[in-house]
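Here's the structure we're looking at; comments come further down.
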Amino acid sequence: LLHKATTGELTTAWRKDAPKSTSTLDSVHGIREQLIEEKGTPKLKNPDKAEERDDLPSSWEIATVEEISYSTRYGTSEKCDYDFDGVPVLRIPNIQDGDITLDDLKFASSDADLSNIDPLEPGDFLLVRTNGSSDLIGRAAVVREVFDEPTYFASYLIRFRITPVDPLPRWVNFV
């Protein structure tokens with residue numbers, strides 16, 4: 001019985017008769033396309049596809065970050081400082097070990113124009129895109145919780161809005 005359970009023999013008939021489910025990526029792509037239409041982000045309509053790999057199990061699905069995101073953009077270039085009285089702006093030092101830390105936080109000035117950028121929200125994937133240190137480029141984190149106040153991000157970061165299919169944002173953060 002143990003042998004049949006571990007080799008799949010116990011579920012052969014069930015697997016044969018079970019309806020074929022759609023793949024996780026098919027679900028992600030459907031929701032992604034819906035969000036692109038609703039939010040109006042046409043530049044992401046035809047992302048590059050991930051290359052097939054022979055070294056992975058055939059049941060695994062592979063995708064680029066762009067394929068699972070419905071929006072992407074650089075952050076604000078507004079000047080920020082510790083003493084300004086505007087909204088918080090996350091920077092490179094706020095991305096640490098796959099987490100967002102609110103230590104060493106700077107703020108935009110109260111008259112900064114941030115109307116062209118949406119504040120961060122849970123599921124947003126932030127990636128350090130440029131810096132003088134190659135050790136910092138590629139550092140990343142996913143916003144896990146709603147911030148206490150609208151919070152933005154600096155231009156040295158890229159924000160990918162990951163399609164909200166659970167557990168996709170958490171998985172991206174783990175990777």
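Data overview
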{"item": "Test: residue in the range 37-60 that is without any contact (Cβ under 8 Å) to a residue 40 or more places away in the chain, in contact with a Lys or Arg (Cβ under 6 Å, 6 or more places away or on another chain) and part of a loop (DSSP other than H, G, I, E, B)", "result": "no"}
{"item": "Residue that is basic (Lys, Arg) and more than 25 Å from residue 48 (Cα to Cα), where the choices are 73, 129, 144", "result": "144"}
{"item": "Cross-chain or 6+ apart pairs with Cβ under 9 Å, the range 13-36 first and at pLDDT 85 or above, then assigned to a helix (DSSP H, G or I) and exposed (fewer than 13 other Cβ atoms within 10 Å of the Cβ)", "result": "36/42"}
{"item": "Some residue of the range 107-122 being touching a helix residue (DSSP H, G or I) at 6+ places or on another chain (Cβ under 9 Å) and open to solvent by less than 40 Å² (accessible area, probe 1.4 Å)", "result": "no"}
{"item": "Residue within the range 47-56 that is farther than 27 Å from residue 165 by Cα and open to solvent by 30 Å² or more (accessible area, probe 1.4 Å) present", "result": "no"}
{"item": "Residue pairs meeting the criteria (Cβ under 6 Å; at least 6 apart or on separate chains; first basic (Lys, Arg), in the range 105-122; second surrounded by 15 or more Cβ atoms within 10 Å (Cβ to Cβ))", "result": "106/80; 106/89"}
{"item": "Total residues in the range 136-155, condition farther than 16 Å from residue 101 by Cβ, open to solvent by 30 Å² or more (accessible area, probe 1.4 Å) and over 16 Å from the mean Cα position of the chain (by Cα)", "result": "3"}
{"item": "Of the criteria (1) in a loop (DSSP other than H, G, I, E, B); (2) over 22 Å from the mean Cα position of the chain (by Cα); (3) modelled with pLDDT of 90 or more, which one residue 118 fails", "result": "(2)"}
{"item": "Candidate set from the range 90-106 (those that are assigned to a strand (DSSP E or B) and touching a strand residue (DSSP E or B) at 6+ places or on another chain (Cβ under 7 Å)); member that is most open to solvent (accessible area, probe 1.4 Å)", "result": "99"}
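For (1) closer than 26 Å to residue 174 by Cα; (2) at pLDDT 90 or above; (3) more than 22 Å from the chain's Cα centre (by Cα); (4) aliphatic (A, V, I, L, M), each residue gets a yes or a no:
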site	(1), (2), (3), (4)
39	no, no, no, no
50	yes, no, no, yes
112	no, yes, yes, yes
122	yes, yes, no, no
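The values are calculated or read from the model by the stated rules, or taken from the named source; none is laboratory data. These figures come from a predicted structure and were not determined experimentally. Counting neighbours? That spans all protein chains shown, and the Cβs are built from the backbone with ideal geometry, glycine included. For accessibility, only protein heavy atoms count, side chains too; no ligands or nucleic acids. Shrake-Rupley method; radii C 1.70, N 1.55, O 1.52, S 1.80 Å.
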